[in-house]
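Single-structure report; data block below.
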Protein chains: 2
Amino acid sequence: MTDTVISSAKKEVVIGFDRPFVMIGERINPTGRKLLAEEMKNGDFSRVEADAIAQVEAGAHMLDVNAGIPLADEPALLARAVQLVQSITDVPLSIDSSIIEALESGLAVYHGKPLVNSVTGEDEVMERVLPLVARYGAAVVAISNDETGISMDPDVRFAVAKKIVERAADHGIPASDVVVDPLVMPIGALGQAGQHAFALIRRLREELKVNTTCGASNVSFGLPNRHLVTGTFLSMAIGAGMTSAIMNPLHAEVKSAVMAADVLMGTDKDCMAWIRANRDPNAPAGEGGRGGREGRRRRRE
Amino acid sequence: MTDTVISSAKKEVVIGFDRPFVMIGERINPTGRKLLAEEMKNGDFSRVEADAIAQVEAGAHMLDVNAGIPLADEPALLARAVQLVQSITDVPLSIDSSIIEALESGLAVYHGKPLVNSVTGEDEVMERVLPLVARYGAAVVAISNDETGISMDPDVRFAVAKKIVERAADHGIPASDVVVDPLVMPIGALGQAGQHAFALIRRLREELKVNTTCGASNVSFGLPNRHLVTGTFLSMAIGAGMTSAIMNPLHAEVKSAVMAADVLMGTDKDCMAWIRANRDPNAPAGEGGRGGREGRRRRRE
């Protein structure tokens, strides 16, 4: 039983074992989104606003906010994005940057207890990020790579995660405030990527007893019908014990896989969220909503 | 590494660890299909033929054949169905009945090494079915219930499975020819059904080292949008180590979840089956087939 509590001024979200999976919206990120990057750089945050609202409406429990734009004033942009998103939604945020000054400026304006995304197992990074996380009483995403890069050996990645959790403890950050990202590789490039991730997630939960997250869409990079691969990955990772992910709830295949996985893990109590989301007001009583196709087939026989 | 080899006269299918998941078509079964039952009873097997062909075309690696119709001559019907299906398809069959005489008449006409569906942990059933399985050199589905019914305690179900595997060995049937069905309850009725199934599947694989199967559609009974729940269950069960299921490959949500799970387990080598099935001939080069929606969104920005 490990609970990671994240909050905004008004709302608390708990990432935890045997709780509904936490979807962290990934869209507010200019990486690979040229137009968004250009707009943010020019002070136009209308798309950030629209992405925030759309993701929350689609069911995101938290939002990741990233302002990583080359040659831009990232600390200023990230602070502005954090303030804007907090002014129009009440979900807690994940403050996302690889630049320490940007994390700091985002933390300085944030209301509540955010998730800091991220710290790696590199000594220099840990020594800069962890004191900041401790000072603001935040939680932190721990990415299981270090100075030597991303190991293809899951045992090495586990060891890196363990090192970060221990170092965090030295700074007064409890293991329950460290959410480990096992690093998921594209399955099209590395056939063992899924197996490695599932084994690591299980071990992180059973041995380190930490919550886990990942950037889910990476797994399906380059594949056709990729959202279905991402959704299936998420359901399998949830089965292995993963408790949150940075993902796109606007993709129906991804969101419905997570919701069905919650049903199957028994964390969607009495399947109420599933039934609410899938109830078809036009279905005859007892038909079971969208299962109408089967109903029709049966009647046809 | 456990391989269960099943065959027809011309084709071999291997249910095994670290191999592509084996889909056993469930449709040829008059239970709950009034019209099919009526037709079969009257000697009209046209729907059996159509169901066999449709399921194989949809990707079924094996077909389950059941002729359980109240007040009908089940041994004769099952033998006829087995012969008919073997005359029009070359996939191996699962011969499915709770009546020993029907299993025997199906086995007598079968060409190859079939899967016998099923034996339970009831002493009387084991003493009648296992000698038959041994005599015909077949493999067998072992259902983890006994005289006391289906236990809600996964440890008891594991113990029943273990007993059947040991009893099979007494009859000269190796553990590799016993495919255990952990019995999957409807998740709408029992919120722990998924967790129980996943834990049992993992244990059956790691401790008993046997292959596993289940009647997959049962898990989603009574829920809306149920095929998506069934598909998600299958992907999570595959992640836990399940190696085959009796299922409906004609339901797109179910089949695609299995195919995506094969990708993520690394058993769809270089994702070739997935790419073949999802390639869109109209997509621009590099767009990644049906992922076109994302392509459009990106262009729109």
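Once both labels are modelled 7 Å past Cα along the beta-carbon direction, what's the A:Glu147-B:Glu206 spacing in nm?
Distance between the two pseudo-spin positions: 3.5 nm.
Could you size up the charge dipole of the protein assembly as shown around its Cα centre, putting +1 on the beta carbon of Lys and Arg and -1 on that of Asp and Glu, and report it in debye to the nearest 20?
Computed about the Cα centre, the dipole is about 1440 debye.
In debye to the nearest 20, how big a dipole does the stretch B:145-243 give about its Cα centre with +1 on each Lys and Arg Cβ and -1 on each Asp and Glu Cβ?
280
Mind checking the mean number of beta-carbon atoms from other chains within 10 Å of the Cβ atoms in B:189-200?
3
Is there a quick way to get the dipole size of chain B? I mean about its Cα centre, with the Cβ of Lys and Arg at +1 and of Asp and Glu at -1; what is the value in debye to the nearest 20?
Once rounded to the nearest 20, the dipole reads 1420 debye.
What part of the accessible area of the protein assembly as shown, given as a whole %, is carbon or sulfur when the probe is 1.4 angstrom?
Carbon and sulfur atoms account for 51 percent of the accessible area of the protein assembly as shown.
On alpha carbon coordinates alone, what is the Rg over Rh value for the stretch A:164-281, Rh being the Kirkwood radius?
Ratio of gyration radius to Kirkwood radius: 1.02.
Rg to Rh ratio, the protein assembly as shown, alpha-carbon atoms and Kirkwood radius?
Result: Rg/Rh = 1.02.
Over the whole of B:253-264, what's the average partner chain Cβ count within 10 Å per residue? Rounded to a whole number, please.
6
Report the gain in length on full extension from A:Lys269 to A:Leu71: 0.36 nm times residue separation, minus Cα-Cα distance, nm rounded to one decimal.
66.5 nm
Determine Rg/Rh for the stretch A:103-215; Rg is computed over alpha-carbon atoms and Rh is the Kirkwood hydrodynamic estimate from the same atoms. Don't skip to the answer; put the middle values down first.
Numbers: Rg = 13.9 Å, Rh = 14.2 Å.
Answer for the stretch A:103-215: 0.98.
Of the options B:Ala54, B:Ala9, B:His111, report the single residue whose Cα projects farthest towards the positive end of the charge dipole of chain B (beta-carbon charges: Lys, Arg +1; Asp, Glu -1).
Farthest towards the positive pole: B:Ala54.
To the nearest 10 degrees, how steep is helix A:100-109 against the longest Cα principal axis of chain A, on a 0 to 90 scale?
70
Just the ratio, please: alpha-carbon radius of gyration of the stretch A:48-166 over 2.2 N^0.38 Å, N its number of residues.
1.11
What does the helix-only formula give at 222 nm for the protein assembly as shown: each DSSP H stretch with n ≥ 4 adding -39500 (n - 2.57), the total divided by the residues, and the result rounded to the nearest 500 deg cm²/dmol?
-13500 deg cm²/dmol
Keeping all protein chains in the complex and leaving out DNA, RNA and ligands, what accessible area do you get for A:Thr2 with a 1.4 Å probe, in Å² to the nearest 10?
20
Relative to the longest principal Cα axis of chain B, at what angle does helix B:226-240 sit, 0 to 90 degrees, rounded to 10?
80
How large is the accessible surface of B:Glu122 in square angstrom, using a 1.4 angstrom probe and rounding to the nearest 10?
Estimated to the nearest 10 Å², B:Glu122 gives 60 Å².
When the Cα centres of the stretch A:27-75 and the stretch A:108-166 are compared, how far apart do they sit, in Å?
23
Near A:Gly149, within a Cβ-to-Cβ distance under 12 Å, what is the net charge of the other residues, with Lys and Arg +1 and Asp and Glu -1?
After counting each charged neighbour, the total is -3.
If you count, for every residue in A:238-247, the Cβ atoms of partner chains within 10 Å of its Cβ, what is the mean?
Across the residues of A:238-247, the mean count of other-chain Cβ atoms within 10 Å is 2.
Which FRET efficiency value, to the nearest 0.05, is calculated for B:Glu127 and B:Gln83 with the Förster distance at 22 angstrom and r the Cβ-Cβ distance?
Between B:Glu127 and B:Gln83 the formula returns 0.20.
For the stretch B:227-280, restrict the atom set to alpha-carbon positions and state the Rg and Dmax in Å.
Final numbers for Rg and Dmax: 10.7, 31 Å.
What does the buried accessible surface come to for B and A, summed over both chains, with the probe at 1.4 Å? Round to 100 Å².
Buried area between the two chains comes out at roughly 4200 Å².
Mind checking which lysines have their Cα closer than 17 Å to the Cα of B:Lys10? Skip sequence neighbours fewer than 8 apart in that chain.
Partners within reach: B:Lys113.
Rolling a 1.4 Å sphere over the protein heavy atoms, what is the accessible area per residue of the stretch A:73-187, to the nearest Å²?
37
Which angle between 0 and 90 degrees, to the nearest 10, do you get for helix A:46-57 versus the longest principal axis of chain A when only C-alpha atoms count?
Result, in degrees: 50.
For each pair in B:Lys11/B:Lys269; B:Lys209/B:Lys269; A:Lys209/B:Lys269; A:Lys34/A:Lys255, compute the distance between the two Cα atoms and list the pairs where it is over 28 Å.
A:Lys209/B:Lys269
If R₀ is 51 angstrom, what is the calculated FRET efficiency for the pair B:Glu38 and B:Phe17, using the beta carbon separation as r and rounding to 0.05?
Efficiency computed from Cβ-Cβ geometry: 0.75.
Please return the longest stretch of chain A lacking exposed loop sites, where trypsin sites (Lys or Arg not before Pro) count only if DSSP places them in a loop and at most 15 other Cβ atoms lie within 10 Å. Don't skip to the end; give the middle numbers.
Numbers: sites that count: A:Lys10, A:Lys11, A:Lys209, A:Arg279.
My reading of the result: A:12-208 is the longest stretch.
Viscosity 1.567 mPa s, temperature 4 °C: give me the Stokes-Einstein translational D for chain B in µm²/s, with Rh taken as the Kirkwood radius over C-alpha pairs.
65
The values are calculated or read from the model by the stated rules, or taken from the named source; none is laboratory data. Being a predicted model, the structure only gives us computed values, none of them experimental. Heads up, the Cβs are rebuilt from the backbone with ideal geometry, glycines too, and the neighbour counts pull from every protein chain shown. SASA here: full protein model, heavy atoms, side chains in, ligands and nucleic acids out. Shrake-Rupley method; radii C 1.70, N 1.55, O 1.52, S 1.80 Å.
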